[in-house]
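Take a look at the structure set out below.
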């Protein structure tokens, strides 16, 4: 992380510049993400379909999906890697953001649904509902929906975190109750009369802000927005962990009660990180839904949240770029496996959990750095910094 | 299930053949009633006349009449139009095979339109049932007599009353006697003088028979007499009170049986998590292994379904326990003191085990049969019956709990285990093989999960996801009860089970479950260490 | 509760404090007071209640009964008399009570400089920590502390890379920057060389000229070097109090330490 010398010597330069100079890996990752997104978009838009260089819209959407997962992994890494809160329920925030977006998209369908009801989504007509429930009000407005994308996960995280951190629920206890949280939400959303489409969730979306979701140009725009969100999210997290706030977070992670005795309200620090992280997860979910075209209660299932944990673990927790790399790698592997040998995927994922925890506690990023250390003799000063970088 | 039915089919047919033909053959020789006579009697169009016919047959009381009534009730009795004789008919392709209902002699094949069905409606059906019940009243089997009395009490008339009254004194079975008294009281209540009605209410107020309730309910609306009305109301209140009591007992029972399932699922976890501090996310899969062990044993020895569970319990313990020890040696051993890492690694293992089961068996649920002695219910009275499988599960879970408690408290292994938990270094220096104790403890926890799986195979679908469905609940129980405290686990499991079932009637199953989850989440905030937390300096970090 | 007679220059006031864990009384009607700018040593055998006493003062443990007051001397103006049992660890720390643990606990993944910056007085809320940078005055204070604990050449090394003694010093440096009115120190000399021990004693004496310092220690040589009033704790209450010589001659103390 930032050493005091570096940050003092660079005072006066813009914060963005400072981060990026201080963080070569993050810089290159962001550049790569944007470059790939732009190239893929370009090849999709401007190269004719028959050409060998043409990229299908399937690939565009797939990449967009990966980037959303990257943002989600980043969100988890903020609380797990820097604050020691292993949330096994982060998928819930992702799904809530997704549902908020899904509700907007549902309202946009208007009377083009199967039942042609201009006011009610199909599933409500099917259930013989007469009017829109109060909690669906306002979702016809894009900006209101976007506000909810951040508010709902943020509020839930705030309430849950406020209770949990104040009463000092930590470690595995916290993990288990976050898992119970997402499980309870899953059961709720599966209920038909809960008003979110039950089993089937929300789907059959037509367009967003008037642009058809089926068209390639909309898909490309959504991909670029995902890349942008990931980039901004990365910078936000980077700024947070690099500030004194981030150092307090790490202090909380390493020695919670000591930090308290220095006079920091640990619960407030955790709460802020948890809420920020939940909002980022919600945004990731909101970008994910229009690209995949569906949101259903399965997104709340505990296994999704725990799979997310393995992305971060594989990438290397406690390094923001590592989390993103992990999400991209694991999801690419998943796509490959489900295509080539679907039955082997769960074996591979299971093995990944075991292998990372046993032999790769710092993920692939740590592996890379070990390799670098072995082959390139470092100067004595940086060796210690490496230790700083990856906490425990 | 189905294949058994098919196997049994010939047997059933044989029995039916015997039942229906034997009396006929006997009676053919006696000239009790001719087919002609019966045909005129049953060929009537008027419902009332048909009703009389039932009474006549019933008064006659011979086996032949019973046979005729049975056939009538099942709609197999016809009049052949041309010959005007009474026949039984069985469909065979497009035509019907007809035979003499009395002798059982086959009379050839006719077309459908040459037959006329003997008329029947709901009123007649009830009358026939009552009439048939009279035969059963004389049966040797008290259960049959009880059924008969209940059937008759649905509709008592002057002719059946003396029969019942005569029976009361001779009856030896208390249940049948009570049913008889109720039936007579019910008759008195419906037909007797006002005094008799009041008198009978006392008896009726103690009955759980649903007919009594409906009789009282309908009388409530028609009765004018104030005193009588008051009596009816108080009798109904008695019934309500008892009904509430029974439904409370039933909810309690369902709660306890759910609690037992939770206890079985959680108790192994209480060992690995509570005693060792290891978060075993693969715990659910250990249960799954136990359930599949049951399935394998039943498939391997199809003739031993009745005994299969007794073989499955120790086998499941061994299978799940060995897998547990293997996991401990290969993975968890390297992760002691890092609970979050253990959580992730064991989750990975759970995925591998699930997929392994999918690959080896199939992704679909497997059919595990329930032994005869576990099916059916334990009928306590008219309003209350408990299913045997749940009764056994409650007993079984308590047995497992007590066994575990015994192992922990009174065996050498239990002592070693507690020593290692409390002070590893000291235990090691006293010559305890700590790593062996670790492995065995984990094996014990997993083995118990396997045993739980055998029990679960009797209650739910046996499939690759069996474990997943229970893992969160199990964790909730352990955390709620207080880690490291087996009694806490017991209280938490039973408490959560009962609360869940008490909430269900007004909240619905899923919402009840959500409420319980939310309650626990909030409870953990209030008491992070659970219900029965250990206090003192030892547990502070 | 404040109408008991409390001497004017009292900083910390414990009266009849009892704490029990499952029937075991860790503190048993413990009463004592610490004056402004007093240096006080507390000794006592294992299980005498020293750590529990510190836990009670710093808000980690709530006493079953008894009063724990901070700044009680200003009983006329109730405002500044603080009931410590109503505050948690962070609040107590911000009221001006610093605590050093027996086991050195610095933040291992942060550098020496960052550890000190973390401890620097003020700016405790999350938002201040995000938006409020380090003032040059603050930076100077950190440099001063760095000099005092002689870790200038280690400023960019992580806490994890320090030796045991260096960690002890770093922790003392952090306490200096917290600038508390009352310092509670648990066995500071443990694991230090003789030379370091005496330097620590000197430092503590120097610190007590501006604030009150309470030291729990086993090392008699160290206590002798502190040259201050000594209190002996036994089974949760005060057994004897006075100068080191006085305490050492007390028959009860000899009994407790040598066994009956």
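We did not get these values from a lab; they are worked out from the coordinates using the rules stated. Predicted model, so just to flag it, every value in this text is computed and none were measured. FYI the Cβ positions are ideal-geometry reconstructions off the backbone, even for glycines, and counts take in every protein chain you see.
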**OP:** Could you let me know the centre-to-centre spacing of segment B:30-83 and segment C:136-213, using Cα atoms, in angstrom?
**Re:** 111
**OP:** Determine, at each q value in 0.08, 0.12, 0.14 (inverse angstroms), the log₁₀ of I(q)/I(0) that the Debye formula gives when each Cα of segment A:4-389 is one equal point scatterer.
**Re:** -0.44, -0.98, -1.29
Original post:
Stretch residue A:147-residue A:358 to full length: gain in nm at 0.36 nm per residue minus the Cα-Cα span?
Top reply: 71.8 nm
**OP:** With a bin width of 10 angstrom, please list the P(r) values of segment A:28-100 as percents of all Cα-Cα pairs, from the 0 bin to the one holding the largest distance.
**Re:** 17, 36, 27, 15, 5, 0
Subject >> 0 to 90° range, to nearest 10: angle between helix B:388-410 axis and chain B longest Cα axis >> reply: 20
Subject >> Amide N of segment B:403-427 lying under 11 Å from the label point, which is placed 7 angstrom from the Cα of residue B:434 along Cα→Cβ >> reply: B:420-427
Subject >> Separation of alpha-carbon centers, segment B:109-126 and segment B:213-228, rounded to whole Å >> reply: 38
Original post:
If the chain between residue C:147 and residue C:130 were fully stretched, how many nm would it gain, using 0.36 nm times the residue separation less the Cα-Cα distance?
Top reply: 3.4 nm
Subject >> Residue exposure sequence - A:365, C:112 - by fewest surrounding Cβ within 10 Å >> reply: A:365, C:112
**OP:** Mind checking A:173-186 for the average number of partner chain beta-carbons within 10 Å of each residue's beta-carbon?
**Re:** 6
**OP:** At a temperature of 10 °C and a viscosity of 1.306 mPa s, determine how fast chain C diffuses translationally according to Stokes-Einstein, using the Kirkwood radius over alpha-carbon pairs as Rh; express D in µm²/s, rounded to the nearest whole number.
**Re:** 82
Original post:
Using the Cα atoms as the points, what is the convex hull volume per residue of segment B:252-539 in Å³?
Top reply: 141
Subject >> FRET efficiency, 1/(1 + (r/R0)^6) with R0 25 Å, evaluated for residue B:469 and residue B:250 via beta carbons >> reply: 0.55
**OP:** Place a label point 7 angstrom from the Cα of residue A:137 along the Cα-to-Cβ direction, then list the residues of segment A:176-201 whose backbone nitrogen is under 20 Å away.
**Re:** A:194-197
Original post:
Per residue of C:125-136, what is the mean number of Cβ atoms on other protein chains within 10 angstrom of that residue's Cβ?
Top reply: 5
**OP:** Report, largest value first, the span of the C-alpha coordinates of the protein assembly as shown along each principal axis, in whole Å.
**Re:** 128, 93, 63
Original post:
Can you give me the relative contact order of segment B:141-222 as a percent, contacts being Cα pairs under 8 Å and 6 or more apart?
Top reply: 27
Subject >> Rough spin-label spacing in nm, given labels placed 7 Å along Cα→Cβ, for residue A:49 and residue C:248 >> reply: 9.8
Original post:
On a 0 to 90 degree scale, rounded to 10, what angle separates helix B:142-153 from the longest Cα axis of chain B?
Top reply: 60
Original post:
What percent does the relative contact order of chain B come to when contacts are Cα pairs within less than 8 Å and at least six residues apart?
Top reply: 15
Original post:
Taking the DSSP beta bridges in segment C:108-260 as the whole, what percent of them are antiparallel, to the nearest 5?
Top reply: 55
Original post:
Sorted by average packing, counted as other Cβ atoms within 10 angstrom per residue and highest first, what order do C:116-128, A:149-161, B:338-350, B:138-150 take?
Top reply: B:338-350, A:149-161, C:116-128, B:138-150
Subject >> Nitroxide proxy distance, nm - points 7 Å out along Cα→Cβ at residue A:128 and residue B:170 >> reply: 5.6
Subject >> Degrees between helix B:412-422 axis and first principal axis of chain B (Cα, 0 to 90, nearest 10) >> reply: 60
Original post:
Where does chain B land on Rg(C-alpha)/(2.2 N^0.38 Å)?
Top reply: 1.34
**OP:** Return the FRET efficiency for the residue pair residue B:143, residue A:115: r is the Cβ-Cβ distance, R0 is 56 Å, and the value is rounded to the nearest 0.05.
**Re:** 0.50
Subject >> residue B:527 versus residue C:86: modelled label distance in nm, points set 7 Å from Cα along the beta carbon direction >> reply: 2.8
**OP:** In Å³ and rounded to a whole number, note down the convex hull volume per residue for the Cα atoms of segment B:141-222.
**Re:** 90
Original post:
How crowded by other chains is A:252-260, given as the mean number of beta carbons from other chains within 10 Å of each beta carbon?
Top reply: 6
Original post:
For the protein assembly as shown, what is the percent of antiparallel DSSP beta bridges, rounded to the nearest 5?
Top reply: 75
